[in-house]
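Report on the following structure.
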Amino acid sequence: MAFEDWKKTEGEKQTAAAVESNSGLSWLSEAALGAYRDARSAMPVEEPYKDLALAGTAVLGLASATLVARKALVSESLQIVGKEISIVPLTKENLPKAVAAANDGFRYGWPILHPARDFKASLNPAVNAKRLAHVSDDFKIELNARYWVAKDKNGNVFGTTGLYETGRDQSEAAWLGWMSVRNNARGLGIGRRLVEFSEEQAKADGKQFLRLYTSTSKGEAAAQVLYEKLGYKIVERTPHSLPRFIQRLAGEKQPLEILLREKRL
């Protein structure tokens, strides 16, 4: 096949030259040249810019394909991470990563929620002793708080959970505290594992109930679904103490409520 009849643009000249340099012109080469001409003619730009536009389209297509492949790789990596997760006690060594993970999981509550405060207090015997001394003054104060982290084999922390007691129901119930999963690790079953782990710990402590406070915030919507699936029933609803104008600033269209959930173990 002769190409002189259509060697009119620089792009065509370069493409044709590359093909003519091969001793055997295959049907695949001819098809590629045909596809190039068709794509070039379809470009809705002026003649001098057609080759540039075609090259740009190819680059964008490659970038898009790379992004899709990268997302698939990340998703596959996270699936592997989800299977390798272990739950271990909070320590001074993993405290910074635990705080970062909890802040990420509760990012919708910034700057109202402060997991770091309770994490640090649980590792400080003097602070815990001070809390115990004031139990008669406030039945809602947290007692005997313990926390755990969900980590992979490399020490990366993907979630947190905890248990504490209160003076009003210490003999029968444990309370779930700071149960959260990093945003990029949700959907891997880590949250379920953390809650079920907490239930087993509460049972081992001889508790009859596991209770928790949550809210109707949109940031906790996924958690509400999980709690419902695991059998945590709403036993009390009260208006949220956060001023309504702040709730609106946070994007909450409906007035927030605090939900008290419990499950018999």
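Of note:
- Here Lys203 passes the criteria (1) basic (Lys, Arg); (2) surrounded by fewer than 14 Cβ atoms within 10 Å (Cβ to Cβ); (3) closer than 20 Å to Phe106 by Cα; (4) in contact with a Leu (Cβ under 6 Å, 6 or more places away or on another chain) except the one numbered (3).
- Test: residue in the stretch 233-255 that is at pLDDT 95 or above, more than 19 Å from Ala102 (Cβ to Cβ), outside any strand (DSSP E or B) and within 23 Å of the chain's Cα centre (by Cα): no
- If the condition is being without any contact (Cβ under 8 Å) to a residue 12 or more places away in the chain and over 15 Å from Ile87 (Cα atoms), then the stretch 147-204 contributes Ser171, Gly187, Ala204.
- Residue satisfying condition, being out of contact with any Leu (no Cβ under 7 Å at 6 or more places or on another chain) and either hydrophobic (A, V, I, L, M, F, W, C) or in a strand (DSSP E or B) (or both), within set Ala174, Ala223: Ala223
- Residue in the stretch 193-200 that is among the aliphatic types (A, V, I, L, M) and either outside the structural domain of Arg168 (by TED's automatic domain parsing) or in contact with a His (Cβ under 9 Å, 6 or more places away or on another chain) (or both) present: no
- Residues satisfying the stated conditions in the stretch 134-152, i.e. modelled with pLDDT under 90 and in a loop (DSSP other than H, G, I, E, B): His134, Val135, Ser136, Asp137, Asp138, Phe139, Lys140, Ile141, Glu142
- Residue within the stretch 228-247 that is out of contact with any His (no Cβ under 8 Å at 6 or more places or on another chain), touching a residue at least 60 places away in the same chain (Cβ under 8 Å) and not aromatic (Phe, Trp, Tyr) present: yes
- Residue that is surrounded by the most Cβ atoms within 10 Å (Cβ to Cβ) [pool: residues in the stretch 111-125 that are in contact (Cβ under 8 Å) with a residue 24 or more places away in the chain and not in a loop (DSSP other than H, G, I, E, B)]: Phe119
The values are calculated or read from the model by the stated rules, or taken from the named source; none is laboratory data. The structure presented is a predicted model; accordingly, all values stated were derived computationally and were not measured. With ideal geometry, Cβ positions are generated from the backbone for all residues, glycine too; neighbour counts draw on all protein chains shown.
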